[in-house]
Amino acid sequence: MRTLPPLALAAALATTLLLTSCDDGKTGGDDVKNADRPGSSACAIGDLGVEVGAGAAPAAGDTGNVTVTLTNKGGACTLKGFPAVDLLAEDSTTSVSPEQTAKARSLTLGKGGTTSFTITYVRGEANSSKSLPVRKASFALPGATTDAHDLPWSYGEVARRDGSSSGGAAEASVSGFESPGD
């Protein structure tokens, strides 16, 4: 059996301790990544990049999805709750409710971190009083009442709930914030 001189043994031990104590800035599992961190504040729309991807409903009665992906360009921030989404037509606005099975959760985003939410809707008949002629969607982050981001809506009219011909809410819902891999 070969033994190391005391100085070599001390150097090897110090190197091992140094390597095991390094912090590369990455977090552990999803539970750690999504946990509230002391000192993090609510996310602000001005610090987030916004990308939209859509699976538009092809015909009246079909369901479509509009996914909004947010990328944090600022410091660590936290989202708690649901995005506030409104669908705006020329003469009316309707708020979109969270999905019935969705649960609000807290999500912390580090710089470069991403999250997404999805607006699910039922396409309405063109030029029908039972449809809402949506021209844009507007969303705000939880807790932000004045800071909203507008998205052009090119996915067709949205059916009104229960087929009502006026004033009915849109047949649409919004998911909670999701992490990549959810």
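The values are calculated or read from the model by the stated rules, or taken from the named source; none is laboratory data. Everything numeric in this text was worked out from a predicted model, so none of it was measured. All Cβ positions, glycine included, derive from the backbone under ideal geometry; neighbour counts span all protein chains shown. Ligands, DNA and RNA are excluded from the accessible area calculation, which covers all protein heavy atoms including side chains. Shrake-Rupley method; radii C 1.70, N 1.55, O 1.52, S 1.80 Å.
Summary table below
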read-out: Residues of the range 143-155 that turn out to be modelled with pLDDT of 80 or more, over 18 Å from N65 (Cβ atoms) and more than 17 Å from the chain's Cα centre (by Cα), as a count; value: 0
read-out: Subset tally (residues that are in contact (Cβ under 8 Å) with a residue 24 or more places away in the chain, not aliphatic (A, V, I, L, M) and not in a strand (DSSP E or B)) for the range 98-119; value: 7
read-out: Members of the range 156-181 found to be modelled with pLDDT of 80 or more and among the acidic types (D, E), listed by number; value: E157, E171, E178
read-out: Test: residue in the range 154-176 that is under 20 Å from E51 (Cα atoms), open to solvent by 40 Å² or more (accessible area, probe 1.4 Å) and in contact with a strand residue (DSSP E or B) (Cβ under 6 Å, 6 or more places away or on another chain); value: no
read-out: Within the range 28-64, considering residues that are surrounded by 14 or more Cβ atoms within 10 Å (Cβ to Cβ) and either on the phi > 0 side of the Ramachandran plot or among the polar types (S, T, N, Q) (or both), the one modelled with the lowest pLDDT; value: N34
read-out: Any pair with Cβ under 9 angstrom, 6 or more apart, that starts in the range 73-91 at a residue that is closer than 14 Å to T114 by Cβ and ends at one that is open to solvent by less than 50 Å² (accessible area, probe 1.4 Å) and polar (S, T, N, Q); value: A76/S40; A76/T108; C77/S40; C77/T108; L79/S106; L79/T108; L79/T115
read-out: Pairs, first closer than 14 Å to W153 by Cβ and surrounded by 15 or more Cβ atoms within 10 Å (Cβ to Cβ) in the range 120-134, second of a type in the set (F, W, Y) and at pLDDT 95 or above, C-beta under 8 Å, six or more apart; value: Y121/Y155; R123/Y155; V134/W153; V134/Y155
read-out: Residue satisfying condition, being at pLDDT below 95, out of contact with any Lys or Arg (no Cβ under 9 Å at 6 or more places or on another chain) and of a type outside the set (D, E), within set T67, T114, T93, T118; value: T93
read-out: Candidates K73, K103, filtered to the one that is in contact with a Gly (Cβ under 8 Å, 6 or more places away or on another chain), surrounded by fewer than 16 Cβ atoms within 10 Å (Cβ to Cβ) and at pLDDT 95 or above; value: K73
read-out: Members of the range 49-69 found to be under 24 Å from P142 (Cβ atoms) and free of Cβ contacts under 8 Å to residues at least 60 places away in the same chain, listed by number; value: G49, E51, G53, N65, T67, T69
read-out: Members of the range 45-75 found to be among the hydroxyl-bearing types (S, T, Y) and either part of a loop (DSSP other than H, G, I, E, B) or closer than 19 Å to L107 by Cβ (or both), listed by number; value: T67, T69, T71
